[in-house]
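**Q** Once you've had a glance at the structure underneath, I'll fire off some questions.
The values are calculated or read from the model by the stated rules, or taken from the named source; none is laboratory data. Just so you know, these numbers come straight off a predicted model, no measurement behind them. Glycine gets a Cβ as well: all are built from the backbone with ideal geometry, and neighbour counts include every protein chain shown.
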Amino acid sequence: MKKGAAILEVEDLVKHFPSPAGSVKAVDGISFSILEGETLGMVGESGCGKSTTGKILIRLEDPTSGSAHFEGKDIFSIHKNDMKAFRRKVQIVFQDPFASLDPRMTVGEIIGEPLLVHNLVARKLMKPRIQELLKMVGLDATHADRYPHEFSGGQRQRIGIARALAVEPRLIICDEPVSALDVSIQAQIINLLKDLQRNHRLTYLFIAHDLAVVKHISDRICVMYLGKIVETANKRTLFDKPLHPYTKALLSSIPVPNPDRQEERILLEGDAPSPVSPPTGCRFHTRCAYAYDLCKYKEPPMLEYGDKHFCACHLLN
Amino acid sequence: MADNLLEVKDLRTYFRTEEGVVKAVDGISFNLERGKTLGIVGESGCGKSVTSLSIMRLIPNPPGKIVSGSIVFEGKDLLTKTEKQMRGIRGNDISMIFQEPMTSLNPIMKVGTQISEAILLHQKIGTTDAKKKAIEMLTRVGIPMPEKRMDSYPHQLSGGMRQRVMIAMALSCNSKLLIADEPTTALDVTIQAQIIDLMKKMRSEFGTSIILITHDLGVVSGLADDVVVMYAGKIVEKAAVRDIFKDARHPYTIGLLQSIPRIDQEVERLQAIEGVVPNQQEMPPGCAFYPRCVRATERCRTEAPPLESFDAGKRAVACWNAVKREAITMSDTGNAPMDGGKAK
């Protein structure tokens, strides 16, 4: 699909959470943009700030500072009367299909609620629209009268996707949408998301920790570590020529289902440091095998190396 | 003859529920050679965890019960042991590590005390020596500052560190068999790589045999020697790890391999296995995989295929339509030939 102009532009986004131990620097100054019709993958390990980023961008959390423009408008200064209009355009699909659907509502009510809230269809036309949405995500029209507990994890995720699609959004934030699912079901949902994107010209921010899944679905990928983006590139570039030592370690850590291809892994020492007191300079320097003095006190700038390949590492200069 | 540490024969573990009997494990047989690693692969509900709990005799009864079969460990059937004898075997001869190390460690006990306790319980040594041994084990599993860590509580450790503590505890009694049930599933990928590396090291150092239970085909391919694929309580395919990944014969195994996105291959569209695992009440009379199978025939609907050996007994598959002879092509794509339906 041809990619359009930037639909979302994020500039120096910061989110610090207060905690007894000091402020948790969950997201600490990240900038990126998403082009219309593309899928931007966002990867990183637990606590790197990827889910917080998703929640801020759909305004479930308020940022500490920074800006984000959706279709040219600042989303952090939206008046509360205009919030509904924004939410029509940006939707989210959550990780846990068991926790994100109200167990006391029928599937029809769940999918119909956004239609009611946004006044999208006349009451008479509700039922056919709900059935249409169910079919769109591969469920049966008769499922509308059932409750979430009657469905498997994969089917529930389809319901969550139908609910997001109900308002015909432009951008969907997918926060680990397949990580709770079995592998054979994972593939069904990934294929569904791809089909929907093609048919409805959707834009995705796809947040996940599984690099193989992210590689499959994304056009571009950004890699996060401890609240920072360390590298952004087209997916092929990122996987073929990763520049950042963290990206390299991350890619080499993925177990490949091929007994003949068990390469030497780059093993990182220890765990990621606490986001309460992240290391000075480059945040990765405490675990980086190539770190030198400069890395300890100066934060590396994000620079471009080749076609839209951005990386923040002193070693490259 | 192979030197088998463990021989499981026709194991059946059933659960009584309000909806009827759930045949979680329904007649499975496999052997584990001494020093080898066996991977048990399958999706949620296929019976892989119930298999491991059956070996440990940890099936909650009621509602669960091992209704038939034998589990022969070092020549003796574990199913004939008394509970007291089993307590001597668990943690001593057979150890287990679980997916979520937080829930398997005691939250109000220092990790050092927990490891020493395991050693004291199973070995005839004093408290001081047990403590020394615990520190030694923590060092061997790569925990920095082990003396200091002895006094930590589980919540003060990260997920990866807690799994290291579990491994230290499991290996502190020189167990002959380590059952690892999704040992890396809750961990981040770089930490997972550390733990896999550690398990490999421990295996070569201690000569431990391992049963690795996982849904992650990548983890299996890096660790296991042999693989058993389970579906709906039954073994559908059994083979050496290379054969599973290069020349799978069961449509379910092939489907699983094709449905995962891989970083070493690029495809436009994933080959999903359509449908879902049937629940026990809707289990078809024939092959359990039949409703989702691309190769299903009339026979599959009515008659359950037995697990048949071929290739000189080196591998086995339970499918009426699978090719049951030596490799025809060694395709390098990880996909087995799907044609040539002339079975046997």
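**Q** Are there helices (runs of 4 or more DSSP H) fully within segment A:105-198 with at least 2 residues that are within 13 Å of chain B (Cβ to nearest Cβ)? List them. Working first, answer last.
**A** Numbers: elements: A:107-117, A:123-136, A:153-165.
Once the helices (runs of 4 or more DSSP H) in segment A:105-198 are filtered for at least 2 residues that are within 13 Å of chain B (Cβ to nearest Cβ), what remains is A:153-165.
**Q** Shifting gears a bit: Applying the selection to segment A:243-257, what residues are out of contact with any helix residue (DSSP H, G or I) (no Cβ under 8 Å at 6 or more places or on another chain), farther than 16 Å from residue B:191 by Cα and within 11 Å of chain B (Cβ to nearest Cβ)?
**A** First, pick out the residues of segment A:243-257 that are out of contact with any helix residue (DSSP H, G or I) (no Cβ under 8 Å at 6 or more places or on another chain): A:244, A:246, A:248.
Next, only the ones that are farther than 16 Å from residue B:191 by Cα stay: A:244.
Hits for segment A:243-257: nothing passes.
**Q** Quick one: count up the residues across segment B:178-230 that are hydroxyl-bearing (Ser, Thr, Tyr) and under 14 Å from the mean Cα position of the chain (by Cα).
**A** Of all residues in segment B:178-230, those hydroxyl-bearing (Ser, Thr, Tyr) come to B:184-185, B:190, B:204, B:208-209, B:214, B:221.
Filter once more, so that each one left must be under 14 Å from the mean Cα position of the chain (by Cα): B:184-185, B:209, B:214, B:221.
Qualifying residue count for the region: 5.
**Q** Counting only residues that are closer than 15 Å to residue A:188 by Cα and hydrophobic (A, V, I, L, M, F, W, C), how many does segment B:249-292 have?
**A** Residues that pass the stated criteria total 9.
**Q** Return the residue satisfying two criteria in turn: it lies in segment A:219-242 and is in contact with a Lys or Arg (Cβ under 8 Å, 6 or more places away or on another chain) and closer than 18 Å to residue B:268 by Cβ, and of such residues it is farthest from the other protein chains (Cβ to nearest Cβ).
**A** A:220
**Q** Also: Could you pull out the residue among B:195, B:213, B:235, B:244 that is among the β-branched types (Val, Ile, Thr), in contact with a Pro (Cβ under 9 Å, 6 or more places away or on another chain) and not in a helix (DSSP H, G or I)?
**A** Values: B:195 fails: not in a helix (DSSP H, G or I); B:235 fails: in contact with a Pro (Cβ under 9 Å, 6 or more places away or on another chain); B:244 fails: not in a helix (DSSP H, G or I).
Answer to the selection: B:213.
**Q** What's the number of the only condition in (1) in contact with a Gly (Cβ under 8 Å, 6 or more places away or on another chain); (2) away from chain A (no Cβ under 14 Å) that residue B:187 fails to meet?
**A** The number of the failed condition is (2).
**Q** Moving on to the next point. Residues being within 14 Å of another protein chain (Cβ to nearest Cβ) and more than 13 Å from residue B:202 (Cβ to Cβ): count how many of those fall in segment B:151-171.
**A** Narrowing segment B:151-171 to residues within 14 Å of another protein chain (Cβ to nearest Cβ): B:152, B:155-165.
Now restrict to residues that are more than 13 Å from residue B:202 (Cβ to Cβ): B:152, B:155-162, B:165.
Counting residues in segment B:151-171 that are within 14 Å of another protein chain (Cβ to nearest Cβ) and more than 13 Å from residue B:202 (Cβ to Cβ) gives 10.
**Q** So how many residues does segment A:168-184 have that are touching a strand residue (DSSP E or B) at 6+ places or on another chain (Cβ under 7 Å) and within 29 Å of residue A:120 (Cβ to Cβ)? First the steps, then the outcome.
**A** We begin by selecting, within segment A:168-184, every residue touching a strand residue (DSSP E or B) at 6+ places or on another chain (Cβ under 7 Å); these are A:169-177, A:179.
Checking which are within 29 Å of residue A:120 (Cβ to Cβ) leaves us with A:169-177.
Of the residues in that region, 9 qualify.
**Q** What about residue B:258, is it more than 13 Å from chain A (Cβ to nearest Cβ), in a helix (DSSP H, G or I) and either among the polar types (S, T, N, Q) or surrounded by fewer than 19 Cβ atoms within 10 Å (Cβ to Cβ) (or both)?
**A** On the way: more than 13 Å from chain A (Cβ to nearest Cβ): no; in a helix (DSSP H, G or I): yes; either among the polar types (S, T, N, Q) or surrounded by fewer than 19 Cβ atoms within 10 Å (Cβ to Cβ) (or both): yes.
Criteria not met by residue B:258.
**Q** Quick check on segment A:178-203: of everything there that is in contact with a Leu (Cβ under 7 Å, 6 or more places away or on another chain) and in contact (Cβ under 8 Å) with a residue 24 or more places away in the chain, which residue is surrounded by the most Cβ atoms within 10 Å (Cβ to Cβ)?
**A** Residues of segment A:178-203 in contact with a Leu (Cβ under 7 Å, 6 or more places away or on another chain): A:183-184, A:187, A:189-191, A:196, A:202-203.
When the remaining residues are screened for being in contact (Cβ under 8 Å) with a residue 24 or more places away in the chain, the result is A:189-190, A:196, A:202-203.
Values: A:189: 27, A:190: 22, A:196: 19, A:202: 23, A:203: 23.
Within segment A:178-203, the match that is surrounded by the most Cβ atoms within 10 Å (Cβ to Cβ) is A:189.
**Q** Continuing with the same structure: Does at least one position in segment B:72-95 carry a residue that is in contact (Cβ under 8 Å) with a residue 60 or more places away in the chain, part of a strand (DSSP E or B) and under 30 Å from residue B:148 (Cβ atoms)?
**A** As a first pass, look at segment B:72-95 and keep what is in contact (Cβ under 8 Å) with a residue 60 or more places away in the chain: B:72-74, B:91-95.
Narrowing the set further to residues that are part of a strand (DSSP E or B) leaves B:72-73, B:94-95.
The next check asks that each one be under 30 Å from residue B:148 (Cβ atoms); those that pass are B:95.
Yes, because at least one residue in segment B:72-95 is in contact (Cβ under 8 Å) with a residue 60 or more places away in the chain, part of a strand (DSSP E or B) and under 30 Å from residue B:148 (Cβ atoms).
**Q** Looking at segment A:287-305, can you tell me whether even one residue there is part of a strand (DSSP E or B) and of a type in the set (A, V, I, L, M, F, W, C)?
**A** Step one: filter segment A:287-305 for residues part of a strand (DSSP E or B), giving A:303-304.
Okay, now just the ones that are also of a type in the set (A, V, I, L, M, F, W, C), so A:303.
Checked segment A:287-305: at least one residue is part of a strand (DSSP E or B) and of a type in the set (A, V, I, L, M, F, W, C).
**Q** Sort out which residues of segment B:44-71 are on the phi < 0 side of the Ramachandran plot, in a loop (DSSP other than H, G, I, E, B) and surrounded by 21 or more Cβ atoms within 10 Å (Cβ to Cβ), and write them in order of number. Quick ask: steps written out before the conclusion?
**A** Quick first cut of segment B:44-71, residues on the phi < 0 side of the Ramachandran plot only: B:44, B:46, B:48-56, B:58-68, B:70-71.
So of that shortlist, the ones also in a loop (DSSP other than H, G, I, E, B) come out as B:44, B:46, B:56, B:58-63.
Within segment B:44-71, B:46 is the sole residue that qualifies.
**Q** Taking the condition of being out of contact with any helix residue (DSSP H, G or I) (no Cβ under 8 Å at 6 or more places or on another chain), part of a strand (DSSP E or B) and within 16 Å of residue A:209 (Cβ to Cβ), how many residues in segment A:25-74 meet it?
**A** So the count comes out to 1.
**Q** Within segment A:200-218, which residues are within 14 Å of chain B (Cβ to nearest Cβ) and either assigned to a helix (DSSP H, G or I) or modelled with pLDDT under 95 (or both)? Outline the logic, then answer.
**A** The initial filter retains those residues of segment A:200-218 that are within 14 Å of chain B (Cβ to nearest Cβ), namely A:206, A:208-218.
Answer for segment A:200-218, where residues must be within 14 Å of chain B (Cβ to nearest Cβ) and either assigned to a helix (DSSP H, G or I) or modelled with pLDDT under 95 (or both): A:208, A:209, A:210, A:211, A:212, A:213, A:214, A:215, A:216, A:217.
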